[in-house]
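Read the figures in this text as sums done on the coordinates, not as results from a lab. Here the structure is a predicted model, which means the values were calculated and not measured. A quick note on method: Cβ atoms are made from the backbone with ideal geometry, for glycine too, and the neighbour counts reach across all protein chains shown.
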Amino acid sequence: MAKQYETVIGLEVHVELATKTKIFCGCSTEFGGAPNTHTCPVCTGMPGSLPVLNKQVVELALEVGLAANCEINQYCKFDRKNYFYPDNPQNYQISQLYLPICHDGKIEIDTPIGKKSIRIHEIHMEEDAGKLVHDEWDDCSYVDYNRSGVPLIEIVSEPDMRNADEVIAYLEKLRMIVQYLGASDCKLQEGSMRADVNLSVREVGNPNFGTRTEMKNLNSFKAIARAIEGERERQIELLEEGKTVLQETRRWDDNKESSYPMRSKEDAKDYRYFPDPDLPPVVISDEWIAEIRKKQPELQPEKKLRYQTEYQLSEYDADLITGTKKIADLFEETANLCKQPKKAANWIIGETFRLAKEKKMEPEQISYSPEHLAKLIEMTEAGSITQTVAKNVFFHIFEEDIEPEQYVKQHGLGAVSDSSELEAIVKMVLEENPSTVEQYKAGKEKVVGFLIGQAMKKTKGKGNPGIISKMIKEQLTK
Ligand SMILES: [Zn+2]
C-alpha cells in the first residue's frame, strides 16, 4: 500500500505597519517616491548615526498582539541580526530575538471540520530592508533605500497548519484583524503583507517532523496555495525515491509553478545575534497596556453580532459584510443614511460583490460613496425608478461614483407611472400577442408574466411594473 503523508506548515508573516514615519528615524514611509528620497543618515546606515524608536510602532505591535491573544513581554529588547546584503546598509537588521514584544498567542480559524486554533509563537518588531532593482538591460543593479527602516512586525506561527486551505484561512483571519485595527493595509501585491511558508512532510502517524524548507516570494493567496501543493509534491517525491529533503530557502516561481533553491536555510546562530547597544530596552507598563485595550476598535466578531441585532441581518449576511473592514464601513454608512439596512446589505452582497468579482477587484479597491448607494435605495423605494433602472444606475455608481438623482434626470430614466401612457402600451402589447391572450383566457394564467415583460420592454424598463401588471390583468378579465 502506498504511504500516506501529512503536510506540516508554519508561517512567518511580515506586516508593514501603517505609521507615517520609519521605525528609527523621521523619514516618510510612503510607498513609491523617487529612489532614495525618503532617506537620512540613520536609514542609510551612516556610521555614527543613532536610531530612536518610534513609539507608535510599539503601540501597533501591542494592538495586534492583544487582538491575537498574545502574552506581552513588558520588558523587551532589540537585537542585531548580522548579515551582508546590498539592500541592508548597516550590515545588520535591527530585530528582536531574545525578548520579542509578544509571545504565545492564538488565532481561531474555521475549517470544514469545525474551529481550529493556530498558535502564535511570537510577534516581533523589526525594520524593513531597502530594495534592489535589477536592470537586465543595463546589466546592473540599483539600490533604493526608501523602504529601509519601514517598520515591520513579524508574526511567527507554530507549525499547526496541515493544508493550503488552513493556511489561507489563517492569513485571511490575520489580515482581517490587522486591517480592523488599522495597523496596516495588508496589501499582498504591494508587499505590505508578505508570507513565508515553512513546510515539511511526514508519514501519517510519525510524531517527528520532517526536514522543512522555507518558501519566499509569494504575493497572492493563489500563489501561496499553488506553492504549497508544488512543494508538498516535490518533498514526497524525494522521500519516495529514498532521498533526503535539504533544509533550505526556496523561491517560488508562480509562472513556472515550481520552486528553486535560493540558499541553504540559516539558523539563528548563523546571524550572530547580539543585543543592540544603541537602543535601550522597551518597558511596557500595565497602564499602557490597559490604555491600548481600552481604545481597541470593534473587531469582526463583535461587529458581526451587532449587525445581527442592530440591523437584523442574517448571520450569513453579517458574516459576508464584516469580512473586510472596508465593506463593513460601506454597509454601515449606507444603512445609517437610508435607514434600510436589509436593502443596503442586498446591494452590497449582490451587485457590489458580483461586479467586484467580475472585475477581479479587492474589496479595498471599491470606491463608490455610501451617499450615492443610499440615495439609489431611497429612489427605488419611493418608486421614482424601477428595479431594472436601479440596477443600470448602480453600475455607473460602482464604476464612476455618479450621483444617482442627477444621472436619472439627465438620462430620462425616471419611472413611468403615467396611466395614459402605460395604458396605450398595454393595449399595444395585447394586440400584438393575440395567441398569448387566448392562452390566458383558456386558463393558462402563467402567460401574464410574458405580457408584463413585453410591456416593460416597450417602456425600456422604466414602466412601473406594479401598475402595468394591474392594467394587463384588468384588460384580460374584461
Ligand atoms: Zn531615515
> Which shape class, rounded, prolate or oblate, goes with the stretch 187-321 when its Cα gyration tensor gives a ≥ b ≥ c as root eigenvalues, a/c under 1.5 marks rounded, and past that a/b bigger than b/c marks prolate?
Replying inline: oblate
>> Suppose a student asked you for the relative contact order of the chain, using Cα pairs under 8 Å spaced at least 6 residues apart; what percent would you report?
In response: 13 percent
> Does the chain come out rounded, prolate or oblate, given a ≥ b ≥ c as the square roots of the eigenvalues of its C-alpha gyration tensor, rounded meaning a/c under 1.5 and, failing that, prolate meaning a/b above b/c?
Replying inline: prolate
> Between S117 and N217, what length comes free when the chain is fully extended (0.36 nm per residue of separation minus the Cα-Cα distance, one decimal in nm)?
Replying inline: 33.4 nm
> Can you list the aspartates and glutamates whose alpha carbon sits under 15 Å from that of K20, skipping same-chain ones fewer than 8 residues off?
Replying inline: E30, E59, E127, D128, D185
> Hey, got a sec? Which GluC sites (Glu not before Pro) in the stretch 228-283 land in a DSSP loop and have at most 16 other Cβ atoms within 10 Å?
Replying inline: E241, E257, E266
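Working from the alpha-carbon coordinates of the stretch 298-410, get Rg over Rh, Rh being the Kirkwood radius. Intermediate values should be presented prior to the final figure.
Numbers: Rg = 13.6 Å, Rh = 14.2 Å.
Looking at the stretch 298-410, the ratio lands at 0.96.
Please compute the length gained on full extension between H411 and R354, using 0.36 nm multiplied by the number of residues separating them and subtracting their Cα-Cα distance.
Details: separation 57, 0.36 × 57 = 20.52 nm, distance 2.46 nm.
In short, 18.1 nm is gained.
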> Just from the alpha-carbon atoms, what are the Rg and Dmax of the stretch 19-137 in angstroms?
Replying inline: 17.5, 57
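Counting other Cβ atoms within 10 Å, keep those with at most 16, restrict to DSSP loop, and tell me which trypsin sites (Lys or Arg not before Pro) in the stretch 204-271 are left. Can you show the working numbers first?
Values: sites: R212, K216, K222, R226, R232, R234, K243, R250, R251, K256, R263, K265, K269; in loops: R212, K243, K256, K265.
Filter output for the stretch 204-271: K243, K256.
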> If the stretch 5-288 were replaced by its equivalent ellipsoid, with semi-axes equal to the square roots of 5 times the Cα gyration tensor eigenvalues, what would those be, largest first, whole Å?
Replying inline: 31, 24, 18
> Given the pairs K326/K360; K343/K391; K216/K359, which span a C-alpha to C-alpha distance of over 20 angstrom in this model?
Replying inline: K216/K359
>> Taking C-beta distances below 4.7 angstrom as the pairing criterion, name the unpartnered cysteines of the chain, in sequence order.
In response: C25, C27, C40, C43, C76, C140, C186, C338
>> Need the full-extension length gain, D401 to K131, defined as separation in residues times 0.36 nm minus the C-alpha distance. One decimal, nm.
In response: 93.6 nm
> With each pseudo-label sitting 7 Å past Cα toward Cβ, what's the E240-A290 distance in nm, one decimal?
Replying inline: 6.1 nm
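Give the residue list of trypsin sites (Lys or Arg not before Pro) in the stretch 421-455 that are DSSP loop and have at most 11 other beta-carbon atoms within 10 angstrom.
K444
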